[in-house]
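**Student:** The following block contains the structure, expressed as structure tokens.
Since every read-out is calculated from the coordinates, none of them should be taken as a lab result. Remember, it's a predicted structure, so these values are computed and weren't measured experimentally. We place every Cβ from the backbone using ideal geometry, glycine too, and count neighbours over all the protein chains shown.
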Amino acid sequence: MSADKQTNWSYTEALPFEDEVLLRARERSHELGVHPVSTGVGAALTVLAASAKAQTVVEVGTGAGVSGVCLLRGLGPHSVLTTIDSDVDHLRAARLAYSEAGIPGNRTRTISGRAAEVLPRLTDNAYDLVFIDADKASFPVYTEQAVRLLKPGGLLIVNGALDNGRVADPAAREPLTNTMRQVGKAIRDNDSLVSALLPTGDGLLLAVKVQPARR
Ligand SMILES: C[S@@+](CC[C@H](N)C(=O)[O-])C[C@H]1O[C@@H](n2cnc3c(N)ncnc32)[C@H](O)[C@@H]1O
């Protein structure tokens with residue numbers, strides 16, 4: 001990244017304001033060894049959730065609730081966030097963050113389990129937004145499941161799509177980097193999706209499931 005692009009990136013990450021609720025959730029994330037979404041990604045999640053007017057949302061990788069609070073703050077009062085994590089301590093911290101953010105309990109459904117086993121139990125074409133931010137090795141499976149879960153017009157968001165800058169470096173051949181390249185290309189080449197990769201945070205991949213008639 002050229003010096004001015006790095007400066008732009010740092011500026012956009014530092015610009016969003018985060019309140020005490022998010023700062024406490026970030027602190028608990030670090031105590032639990034969880035990597036929460038960056039401030040820029042958090043702000044983008046709020047905007048994307050609001051602009052999508054999403055009512056039904058699935059999150060893969062709850063962590064300590066930073067991304068969940070950001071999504072919920074963009075969602076309407078009747079929306080529900082279904083969020084999945086394999087670690088019960090992370091889910092407990094996330095529930096605390098939702099409560100501190102004043103989110104009523106009936107607006108979140110926290111599911112404990114391995115996402116590859118939970119996602120197939122969720123209903124086809126029933127969700128407006130799916131956010132993926134868990135173990136990268138399983139992103140190809142999660143992406144495939146997300147496309148099945150999304151309604152036409154629904155939005156898929158994949159965090160960490162640039163894998164700490166390694167995806168763009170042709171010399172980087174680590175398995176997880178190759179997996180993230182594969183996910184980016186599979187989304188780009190999927191005729192049922194229109195997509196864009198934003199350099200926000202560690203790469204935010206966006207895709208909308210389009211109506212077959214529009215293609
Ligand atoms: C990067 S953190 C998520 C951070 C969260 N999105 C946030 O911004 O606050 C990844 C989370 O995925 C969870 N995870 C890892 N492997 C998983 C799996 N196979 N199924 C479900 N959750 C998993 C971890 O326990 C961790 O909480």
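**Student:** If you add up the charges near Arg121, with Lys and Arg at +1 and Asp and Glu at -1, over every other residue whose beta carbon is less than 14 angstrom from its beta carbon, what do you get?
**Tutor:** Numbers: positive: Arg109, Arg114, Arg148; negative: Glu117, Asp124.
Result for the local shell: +1.
**Student:** Follow-up question, since we're still on this one. Which residue, chosen from Gln211, Gly160, Val88, occupies the Cα position most advanced towards the positive end of the dipole of the chain, where the dipole is computed from +1 (Lys, Arg) and -1 (Asp, Glu) charges on Cβ about the Cα centre?
**Tutor:** Gln211
**Student:** List every residue whose amide H lies under 5 Å from the amide H of Val130, counting only residues 5 or more places away in sequence or on a different chain, with H placed 1.01 Å from N in the peptide plane.
**Tutor:** Amide H neighbours of Val130, under 5 Å, 5+ apart: Val58, Leu155, Leu156, Ile157.
**Student:** Based on the Kirkwood radius over alpha-carbon pairs, what is the Stokes-Einstein translational diffusion coefficient of the chain at 37 °C with 0.692 mPa s viscosity, in µm²/s? The partial results should precede the final answer.
**Tutor:** On the way: Rh = 17.4 Å.
Roughly 189 µm²/s, to the nearest whole number.
**Student:** I would also like to ask the following. I'd like to compare 53-65, 140-152: which one has the highest average count of other Cβ atoms within 10 Å, and what's the full order after that?
**Tutor:** Numbers: 53-65: 25.5, 140-152: 19.5.
Going by the mean number of other Cβ atoms within 10 Å, highest first, we get 53-65, 140-152.
**Student:** Taking the Cβ of Thr108 as the center, what net charge do the other residues with Cβ under 15 Å away carry, scoring Lys and Arg +1 and Asp and Glu -1? Working shown, then result.
**Tutor:** Values: positive: Arg73, Arg92, Arg95, Arg107, Arg109; negative: Glu59, Asp85, Glu100.
With Lys, Arg at +1 and Asp, Glu at -1, the net is +2.
**Student:** While we're here: Count of lysine pairs in the chain with Cα atoms under 17 Å apart, counting only pairs 8 or more residues apart in sequence or on different chains?
**Tutor:** Working: Lys53/Lys151; Lys53/Lys209; Lys136/Lys185; Lys151/Lys209; Lys185/Lys209.
Close lysine pairs found across the chain: 5.
**Student:** Let me ask another. Amide H of Asn164 versus every other amide H placed in the peptide plane: which residues, excluding those fewer than 5 positions away on the same chain, fall under 5 Å?
**Tutor:** Long-range HN contacts for Asn164: none found.
**Student:** Could you work out how far the C-alpha centroid of region 1-57 sits from that of region 86-165, in angstrom?
**Tutor:** So the two Cα centres are separated by 16 Å.
**Student:** Magnitude of the Cβ-charge dipole of region 31-140, K/R +1 and D/E -1, about the Cα centre, nearest 20 debye? It would help to have the intermediate numbers written out before the result.
**Tutor:** On the way: 9 positive and 11 negative charges, 59 e Å.
So the magnitude is around 280 debye.
**Student:** Treating the beta-carbon of each Lys and Arg as +1 and of each Asp and Glu as -1, no other charges, what is the dipole magnitude of region 3-214 about its Cα centre, to the nearest 20 debye? Provide the component values of the computation, followed by the final result.
**Tutor:** On the way: 22 positive and 24 negative charges, 121 e Å.
Rounded to the nearest 20 debye, it is 580 debye.
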